[in-house]
Number of protein chains: 4
Amino acid sequence: MSYRSSEKTRRKKDSKRTAMMQAAVQVFAEKGYHAATVRDIVGAADVAIGTFYFYFPDKETLFVYLYEETADFLLQTIQQAVAGKQTLPQQVKAGVQAYINLAVYEPAVVNLLLVGGIGAVPSLAEKRLEFRRQLTRLWQRLLDAAVADDAIPAQDTRHSAEFIAGGCDEIILGLLEVPNPEPFVQNAADDLTTLVLRAVGMPD
Amino acid sequence: MSYRSSEKTRRKKDSKRTAMMQAAVQVFAEKGYHAATVRDIVGAADVAIGTFYFYFPDKETLFVYLYEETADFLLQTIQQAVAGKQTLPQQVKAGVQAYINLAVYEPAVVNLLLVGGIGAVPSLAEKRLEFRRQLTRLWQRLLDAAVADDAIPAQDTRHSAEFIAGGCDEIILGLLEVPNPEPFVQNAADDLTTLVLRAVGMPD
Amino acid sequence: MSYRSSEKTRRKKDSKRTAMMQAAVQVFAEKGYHAATVRDIVGAADVAIGTFYFYFPDKETLFVYLYEETADFLLQTIQQAVAGKQTLPQQVKAGVQAYINLAVYEPAVVNLLLVGGIGAVPSLAEKRLEFRRQLTRLWQRLLDAAVADDAIPAQDTRHSAEFIAGGCDEIILGLLEVPNPEPFVQNAADDLTTLVLRAVGMPD
Amino acid sequence: MSYRSSEKTRRKKDSKRTAMMQAAVQVFAEKGYHAATVRDIVGAADVAIGTFYFYFPDKETLFVYLYEETADFLLQTIQQAVAGKQTLPQQVKAGVQAYINLAVYEPAVVNLLLVGGIGAVPSLAEKRLEFRRQLTRLWQRLLDAAVADDAIPAQDTRHSAEFIAGGCDEIILGLLEVPNPEPFVQNAADDLTTLVLRAVGMPD
DNA sequence: CATGAATGAGGGTTCATTCAT
DNA sequence: AATGAATGAACCCTCATTCAT
């Protein structure tokens with residue numbers, strides 16, 4: 001996964017492993033868990049099928065692992081963007097910006113998390129649930145703090161956080177539908193920030 | 001699908017067809033496109049597997065058809081709820097209420113639309129896109145009218161509509177996760193209405 | 001299995017099922033459990049591979065079933081041959097004769113039981129053990145009765161029975177090695193009878 | 001194989017080769033030819049998989065070689081035990097004793113010869129045949145000499161020898177089924193000796 | 001000598017689809 | 001109309017074997 005490309009671990013031995021994981025993220029993101037075959041993945045990585053099973057125990061384990069890792073990465077990316085900011089407007093702006101940047105730069109990350117492999121893989125449904133829960137909680141923490149500071153009115157911050165999370169996803173998915181979204185990124189980020197802040201009752 | 005109970009396909013001769021379609025919605029919604037087998041569907045409908053292929057050309061066609069029909073039904077349900085209302089707050093309240101009611105009473109409808117077989121079924125990606133577009137447009141029309149009436153400030157109503165659509169979905173999915181969501185419905189509807197109205201800049 | 005050919009159940013519907021079971025006995029007997037592939041079996045039965053899984057849950061289940069059925073059949077065949085006889089010499093003669101006849105007429109039955117699928121299939125090792133135990137017990141019962149009648153001297157009848165069972169198998173396997181064993185059958189049966197009777201101390 | 005501990009293959013350089021052969025006997029004996037994987041063997045010998053193919057051309061060749069060597073060892077062990085004895089009773093007693101001792105001390109030797117990969121390995125069927133033939137011939141030679149000395153009555157010594165060989169195997173396998181067979185060894189040896197001598201018509 | 005990453009044929013099994021009854 | 005036995009392509013995965021280091 002190129003978003004991990006900053007890691008120093010670049011041992012030759014793992015080049016195939018890395019290639020397969022990158023390929024797997026793409027293939028899973030594009031087709032979803034079921035439609036993606038192991039042959040698709042090894043084909044994209046240009047290795048033999050046996051190589052897959054040398055590095056990974058099976059398709060499901062890899063998918064779950066990739067899903068978790070991708071989810072963590074996305075959550076941390078947003079979290080870090082938000083971390084240094086003091087006020088809710090700054091936090092929202094930074095978080096939204098980070099999310100959009102990630103989606104535009106690594107669309108597979110977002111697609112993997114949303115296209116999903118829901119159904120039939122029991123361990124997956126709960127992983128997805130867990131991811132949504134964590135994403136929601138991230139927003140919720142910010143809102144709770146803002147409520148405590150009287151920056152925004154009292155409200156059911158869980159609902160608000162869910163609303164924000166879902167709204168962001170939808171706008172971002174819309175953004176990814178156009179071939180070259182870069183020109184629209186800033187606009188989307190600004191609009192999204194405004195929408196979020198208004199939704200939670202932040203005075204202009 | 002109980003929401004189709006008044007259609008013409010109710011002729012006795014088509015009872016098996018209807019049974020299979022109802023079963024298919026449930027099975028697809030529960031397992032997703034790939035994990036749902038034709039045998040699951042005919043098993044749930046209590047007919048033979050050959051019967052499936054007498055009424056439907058194949059699994060994919062049925063799924064796409066069901067997806068379209070379900071999407072139309074959801075859109076019309078919301079549209080009708082909104083239709084008689086004059087002001088944006090009334091419209092939002094009615095639309096949100098209708099959406100939530102539908103989700104709680106017919107969770108399979110929502111699940112079918114969201115669980116998806118994206119990627120898996122090539123022709124489905126665009127169907128899904130089309131559904132989201134229509135759902136967004138539905139909100140967008142209301143917002144555009146409100147902007148024209150100076151009820152809410154000028155804004156990119158497409159972005160706003162996407163935000164609303166995504167936010168609604170997320171809250172509704174959260175609602176469906178609990179076993180007996182009925183007690184929480186009113187609360188969710190109220191919160192959702194508030195969030196939507198605030199997000200688009202409607203003064204309290 | 002042709003040794004069940006006397007059954008009246010000859011429904012057309014089960015012709016493929018029967019063909020596969022017959023083929024399976026042959027293939028398993030010839031190659032053993034592991035080397036026999038499902039494709040071998042369906043090839044021998046001239047049906048498609050999917051047909052196998054329409055009738056049987058999986059390869060292992062079929063093998064265990066066939067093994068049990070074959071073992072029961074062999075045990076009952078010997079048991080019945082022995083049943084009407086009063087004296088030990090008559091019983092031994094009849095039992096040995098029956099066993100040899102079966103082996104010559106249905107070599108696959110014997111081969112299936114002896115070539116086996118030992119190793120790796122846990123449920124199989126005990127099945128084989130159980131079969132040997134039952135075969136031994138069959139002889140042991142005869143010997144115990146003979147000891148009680150003072151027809152033969154007191155002895156560890158379990159050891160004697162094991163000795164007999166193993167000795168019979170070896171002679172029979174030797175018999176099956178020649179292409180046309182029929183001419184040697186009578187001789188083998190006589191020798192075997194003498195050996196068994198002598199071994200247990202039956203006076204000439 | 002501990003029974004090979006005094007051979008020339010003991011040179012330091014071949015320690016890995018030896019380790020693999022010892023491991024292979026155990027693994028093959030325990031799982032049978034097919035279920036035993038090359039990885040099982042190298043794992044048990046604690047060497048890399050490539051090392052296997054440096055010393056042995058392939059799995060099948062090793063198995064056949066091990067089978068032959070094991071068969072020879074067993075035959076020689078019995079042969080040597082019998083060699084110094086003059087009378088049939090002494091010979092039988094010594095041979096049976098040697099066989100049982102070997103089975104109890106080196107169960108893998110016996111299991112390897114009996115668990116088999118019959119059918120699975122084409123070249124093995126004849127190896128097994130050859131082993132049984134030699135084992136039978138060993139007994140047959142003793143019987144022929146005894147017949148010539150009028151120690152036992154004239155008989156088809158081939159049949160008698162087969163009977164003995166099979167009978168021994170069965171009792172020995174029965175012995176190996178119990179976890180700690182040592183206490184039963186003497187009893188089994190005595191019974192077996194008696195059974196063999198009686199079977200061939202040796203007067204008490 | 002020794003290693004273990006890499007290969008791919010092949011095995012068990014599933015499931016959409018067909019067709020004779 | 002309706003059935004369900006039959007089909008076979010395709011899936012996931014294993015494992016004997018090779019070869020660059």
Inset, instruction - Let me know the whole percent of all Cα-Cα pairs from the range A:88-137 that are separated by more than 12 Å. - result: 70
Inset, instruction - Rounded to the nearest Å, what's the spacing between the alpha carbon centres of the range A:151-204 and the range D:120-160? Just the number, please. - result: 89
Legend entry - Value of [θ]222 nm, deg cm²/dmol, for chain A, DSSP H segments ≥ 4, -39500 (n - 2.57) each, nearest 500: -25500 deg cm²/dmol
Inset, instruction - Please state the charge dipole magnitude for the protein assembly as shown, taken about the Cα centre, from unit charges on C-beta atoms (+1 on K and R, -1 on D and E), reported in debye and rounded to the nearest 20. - result: 1060
Inset, instruction - With a/c under 1.5 counting as rounded, go ahead and sort the range C:106-193 into rounded, prolate or oblate using the C-alpha gyration tensor (a ≥ b ≥ c being the square roots of the eigenvalues; past the cut-off, prolate if a/b is larger than b/c, else oblate). - result: oblate
Inset, instruction - Please state the charge dipole magnitude for the range C:70-167, taken about the Cα centre, from unit charges on C-beta atoms (+1 on K and R, -1 on D and E), reported in debye and rounded to the nearest 20. - result: 120
Inset, instruction - Let me know the shape class of the range A:10-56, please: from the alpha-carbon gyration tensor, a ≥ b ≥ c as square roots of the eigenvalues, rounded when a/c is under 1.5, otherwise prolate if a/b is greater than b/c, or oblate. - result: prolate
Inset, instruction - Could you tell me which residue in chain B puts its beta carbon nearest the axis mapping B onto D, with the distance rounded to whole Å? - result: B:A35, 16
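So if R0 is 51 Å, what FRET efficiency would B:D46 and B:Q90 give, r being the distance between their Cβ atoms, rounded to the nearest 0.05?
0.70
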Legend entry - Exercise: per-residue mean of other protein chain Cβ atoms within 10 Å, C:20-33: 2
Inset, instruction - Take every Cα pair under 8 Å in the range C:11-56 that's 6+ residues apart, average their separations, divide by the length, and report that relative contact order as a whole percent. - result: 40
Inset, instruction - Could you pull out every whole DSSP H run in chain B that spans at least 15 Å of Cα extent along its own axis and averages 0.0 or higher on the Kyte-Doolittle scale? - result: B:59-83, B:88-105, B:157-177, B:182-199
Legend entry - Other-copy label distances relative to D:P183, 7 angstrom Cα-Cβ extension, nm: 5.4, 6.6, 9.2
Legend entry - Most positive-pole-ward Cα, A:Y67, A:G84, D:L173, against dipole of the protein assembly as shown from beta carbon charges: A:Y67
Inset, instruction - Give the value in nm², to one decimal: projected area of the alpha carbon convex hull of the protein assembly as shown, averaged over all directions. - result: 47.9
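Place a +1 charge on the Cβ of each Lys and Arg in the range C:11-56 and a -1 charge on the Cβ of each Asp and Glu, then give the dipole magnitude about the Cα centre in debye, rounded to the nearest 20.
In debye, rounded to 20, the range C:11-56 gives about 260.
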Inset, instruction - Between the label point of D:P122 and that of the same position in each other copy, find the distances and list them shortest first in nm, with every label point placed 7 Å from Cα along the Cα-to-C-beta direction. - result: 3.6, 4.4, 4.6
Legend entry - Relative contact order %, chain A, counting alpha carbon pairs below 8 Å whose residues are six or more apart: 21
Legend entry - Using a 7 Å Cα-to-Cβ projection, C:Y105 label spacings across copies, nm, ascending: 4.8, 7.2, 8.2
Inset, instruction - Over the whole of B:168-176, what's the average partner chain Cβ count within 10 Å per residue? Rounded to a whole number, please. - result: 6
Inset, instruction - Quantify how much of the Cα-Cα distance distribution of chain C extends past 25 Å, in percent. - result: 43
Legend entry - Neighbour-count order for C:F63, B:F184, A:F28, D:F56, fewest beta carbons within 10 angstrom listed first: B:F184, D:F56, C:F63, A:F28
Inset, instruction - Would you mind checking the range D:50-64 for residues with the amide N under 20 Å from a putative spin-label position 7 Å along Cα→C-beta of D:S15? - result: D:50-56
Inset, instruction - Return the subset of C:K31/D:K127; C:K93/C:K127; B:K31/C:K59 for which the Cα-Cα distance in this structure is over 21 Å, preserving the input order. - result: C:K93/C:K127; B:K31/C:K59
Legend entry - Paramagnetic reach from D:A148 (point 7 Å along Cα→Cβ, amide N under 15 Å) across the range D:78-98: D:86-88
Inset, instruction - Compute the whole-percent fraction of alpha carbon pairs in the range A:52-94 spaced more than 17 Å apart. - result: 51
Legend entry - Cα lying deepest toward the dipole's positive end in chain D, options D:V121, D:L142, D:A199, charges on Cβ: D:V121
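Where a number appears in this text, it was derived from the coordinates with a stated rule and is not lab data. Predicted, not measured: the structure shown is a model, and the values here were computed from it. We place every Cβ from the backbone using ideal geometry, glycine too, and count neighbours over all the protein chains shown.
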